[in-house]
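Please read the structure below before turning to the comments.
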Amino acid sequence: MRHTWTAALAVAATLLTACSGGGETPGAANPAEKVTLTYANWSEDQAPAMEQIAAEFQKENPNITVKVQTLPWPEYWSTLQVGAAGGTAPDAFWMLADHFREYAKGGALIDLSDTVKTAGIDMTAYPKAVSDSYTYEGRIFALPKDFDTNGIWYNKALFDAAGVSYPDDTWGWQQVQDAAKKLTDKAKGVWGIAAPIDAQGGYYNTILQAGGSIIKPDGTASDFAGPEAVAGLKFWTDLQEAGSSPTLKQLSDTEAVSMFESQKVAMYFSGAYWALRFHNNADLKGKVDVAPLPQGVKRATVTSGIGNAGYAGSKHPEELKKFLAFLGGTKAAEIQAATGTVLPAYKGTQQPWLDAMPEFKLQVFLDAVDYSVPLPVAGNTAEWQGLAAQYLAPAWEGAKPVEEAAEEYQTAVDQVLAKQ
Amino acid sequence: MTSSVKSANRPGVGWALLFVAPATLGLVALYLWPFLSTLLKSFQDVPAFGPATYVGLDNYTELARDGAVWQAFGNSALYTAIVLLGVPLAVVLAALIEQAGRGRTVYRVLFFLPVVTLPVAIGMVWRFIYNGDFGLLNYVLSWFGIDGHYWVADPRFTIYAFAAVGIWMGLGINLIILGAGLQAIPKAVYEASALDGAGRMRQFFHITVPLLSPSIFFVTILTVIAALQMFDLIFIMLRSVNNTALADSKTIVYLFYEKAFVQFQQGYGAAVAIVLLIVIMIATALQFRLQRSWVFYG
């Protein structure tokens, strides 16, 4: 028997080494060498603009080919993480603030601090809230691609039908509650507003508007149960209780944005990133506009933006840095703006975006920068954010007082934060 | 038995090795190696990137205290129990199809279609069928004056809703296995029993079921393993949309996915996977133990 095993192992060993013999040799820094970079994103809506940016870059750098990969959102992060851990990640990819820290801490991202200096990139050209969220221990690991703030998307046709005046910058919380109630017509299957358990478009904003902080400044504990935070959460549970929104179950079956697009809800608090989708939806032609978020104790909106980051294990680091610098520059920003894709992060390049969809008062999102607050991140953000639905759903469904649900959620979040 | 004698007697060893090499390598690379590295990781704290640290049994003790893990095992157990009801259903259907004569092939194709359909597509279609406001199921129920539910948005119903799809998805393959088993039963046995005055029901319970029991056993084993590994339905029906029922409807494999790939806790995820492996092993061993009392190897 022994011989059989030795022979088998020998065969196995030969084949394995033969397999791993190829590849792996890092590309020499020969500038004329033909190089292919991959660039991953998660948005079908934005893919055409990304292709256009890649083509523009290729024009300037004929030796570099950029392949744009569009992954479905539910798989994006697991694919990226496995790729980064296993050495097969795309060269360049979109990053989000709440995932960024884990990648930067783990050394998965290429350091762009020197590139910023040598390429003369002006970091003040980006909204500070966004560029700050891609800095880790003083080093820059991603350049802001776009940014978004929140507003009230509303359906003018439904407002007209109910005889309610459109939202504007004078609106406070009470106006939203009152309008939502008046707009609701259960017989027609129309609700005034969508009130899902949505952090970024929803309760983060109202908590901040009530004067709350979400995560305490030192990042070691959360504040979901303080009086301001509870007030911010109540804004949404009140809407649920009044029946002014589809129930949580309905919003689980059919996403809030789909409800808005099928004209079942009149108001939807969300980001600038839907503009292109609403603009392209023929059914919504002339019916949709946007207004600033209502004022609570003060004005506030969370802001965040996608960053373009690179994989530290890329075989072509020099070409990759060049590409990332291009992505962070004015040309890439202008393409995004002119195609109406998103609100580009680069200062002074936003006008074409506003002009691309003149039917919406998109200036609302730019004005909101003045009172915007970075999206809260601390510890393993993905983990504690993932707990929100479980803890907050009873409050949304009226099965538990908001104070109690908030207290329990805060405890759970603090436990996650304590692990760091 | 010296080696010279052995090699002289078996001149084809080299060839034999060459022929098994592809399968063996595949097994080593795709099963053995991942298994060993998962086992190793389950004793480590593995951040998303960067070096892992050995933590002994920490992952397992944390897991035992984690309510989410117990809930997920409970959900998986409930799901498995319901999907097992599909086995007797498949036995009855297989026997009926066997009687169907010329229409047999048509039935087989109809039942087999879900097996060759992408689970993702199945999940999408069923999500629409189950939709509380616009779904087909509630629409049909309304004909009978029944008020439907939010089948995949209400945690009280999600597992049952998944299990119904699970039964339907597994039916095709079960019917093929059981159909093959049925054809192996000698016709003479049925003829003899008919002469003795046995009716159709009697034949089913006293001939078909006992003589089919090895196939039934095999189907049961496969069903339990597949049910304990359920992931795709929940991923498509709950995660891809922002469904609040997800928190209470996680299966054990979904929890593993979430820990390892969403929350960057690969060590903890690996421990969940190892526990699942042990549970599957115990469940299978138990079934082999139990089969002695009911499986009949003619």
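Take every residue in peptide A:69-77, count the Cβ atoms of other chains within 10 Å of its Cβ, and give the average of those counts. Please list the in-between numbers first.
Details: counts 0, 0, 0, 2, 1, 6, 4, 0, 4.
Whole-number average of other-chain Cβ neighbours for A:69-77 is 2.
Roughly how large, in nm² to one decimal, is the mean projection of the convex hull of the alpha-carbon atoms in the protein assembly as shown?
40.7
Charges only on Cβ, +1 for Lys and Arg, -1 for Asp and Glu: so what's the dipole of the range B:66-294 about the Cα centre, in debye to the nearest 20?
So the dipole magnitude of the range B:66-294 works out to roughly 520 debye.
With Cβ to Cβ distances under 13 Å as the rule, what net charge do the other residues near A:Phe360 carry (K, R +1; D, E -1)?
+2
Post the alpha-carbon centroid distance, the range A:217-290 to the range A:137-186, in whole angstrom.
Cα centres, the range A:217-290 to the range A:137-186: 8 Å.
Under 12 Å from the Cβ of A:Gln81, count the other residues' Cβ atoms, weight Lys and Arg +1, Asp and Glu -1, and hand me the total.
Its environment carries a net charge of -2.
Take every Cα pair under 8 Å in the range B:66-294 that's 6+ residues apart, average their separations, divide by the length, and report that relative contact order as a whole percent.
29
log₁₀ I(q)/I(0) of the range A:35-192 at q = 0.11, 0.19 Å⁻¹, via Debye over equal Cα point scatterers, no solvent, to two decimals?
-0.66, -1.20
Calculate for chain A the 222 nm mean residue ellipticity that helices alone would give, adding -39,500 (n - 2.57) per DSSP H run of length 4 or more and normalising by residue count, nearest 500 deg cm²/dmol. Let's see the in-between values first.
Values: 20 runs with 187 residues, N = 420.
Calculated from helices alone, the mean residue ellipticity at 222 nm is -13000 deg cm²/dmol.
Could you work out the relative contact order of the range B:1-138? I mean the mean sequence separation of Cα pairs under 8 Å and 6+ apart, divided by the number of residues, in percent. All intermediate terms of the calculation are to be shown ahead of the outcome.
Working: 41 pairs, mean separation 9.4, N = 138.
7 percent.
Quick one: which residues, 5 or more positions from A:Thr303 or on another chain, have an amide H under 5 Å from its amide H? H modelled 1.01 Å from N in the peptide plane, none for Pro or chain starts.
Sorted by chain and number, the residues that satisfy this are A:Val373, A:Leu375.
Take the alpha carbon atoms of the range A:73-115, find their center, do the same for the range B:190-207, and report the distance between the two centers in whole angstrom.
For the range A:73-115 versus the range B:190-207, the Cα centre distance is 67 Å.
With the Cα gyration tensor of the range B:128-249 giving a ≥ b ≥ c as the square roots of its eigenvalues, does the rule (a/c under 1.5 for rounded; else a/b larger than b/c for prolate; else oblate) give rounded, prolate or oblate? Kindly include the intermediate steps, with their values, before the conclusion.
Working: a/c = 3.99, a/b = 2.11, b/c = 1.89.
It is prolate, given that a/c is not under 1.5 and a/b is the larger ratio.
Kindly express, to the nearest 10 degrees and within the range 0 to 90, the angle between helix A:47-60's C-alpha long axis and the longest C-alpha principal axis of chain A.
Taking Cα atoms only, the helix is inclined about 40 degrees.
Checking the a/c ratio against 1.5 first, then a/b against b/c, what shape does the Cα gyration tensor give for chain A?
prolate
Lys/Arg Cβ at +1, Asp/Glu Cβ at -1, dipole of the range B:66-294 taken about the Cα centre: which of B:Ala77, B:Val92, B:Gln266 is farthest positive-ward?
B:Val92
Helix-only mean residue ellipticity at 222 nm, chain B, DSSP H runs n ≥ 4 weighted -39,500 (n - 2.57), per residue, nearest 500. What is it?
That calculation yields -21500 deg cm²/dmol at 222 nm.
Averaging sequence separations of C-alpha pairs under 8 Å and six or more residues apart, then dividing by the length of chain A, give the relative contact order as a whole percent. Before the final figure, lay out each step's value.
Working: 753 pairs, mean separation 97.9, N = 420.
The normalised contact order for chain A reaches 23 percent.
Average projected area of the Cα convex hull of the range B:66-294, in nm²?
Across all orientations, the range B:66-294 yields a mean hull projection of 15.3 nm².
Could the peptides B:161-172, A:297-308, B:178-189 be put in order, highest first, of the mean number of other beta-carbon atoms found within 10 Å of their residues?
Values: B:161-172: 21.4, A:297-308: 23.0, B:178-189: 14.4.
Ranking, from highest mean packing down: A:297-308, B:161-172, B:178-189.
Based on Cβ point charges of +1 for Lys and Arg and -1 for Asp and Glu, what charge dipole magnitude is obtained for chain A about its Cα centre, in debye rounded to the nearest 20?
520
How big is D for the range A:300-420, in µm² s⁻¹ as a whole number, if Stokes-Einstein is applied with the Kirkwood radius of its Cα pairs at 10 °C and 1.306 mPa s?
Stokes-Einstein gives a translational diffusion coefficient of 88 µm²/s.
Laboratory data are not the source of any read-out in this text; all were calculated from the coordinates shown. Not measured: the values here are computed from a predicted model. Cβ coordinates were reconstructed from backbone atoms using ideal geometry, including for glycine residues, and neighbour counts include every protein chain displayed.
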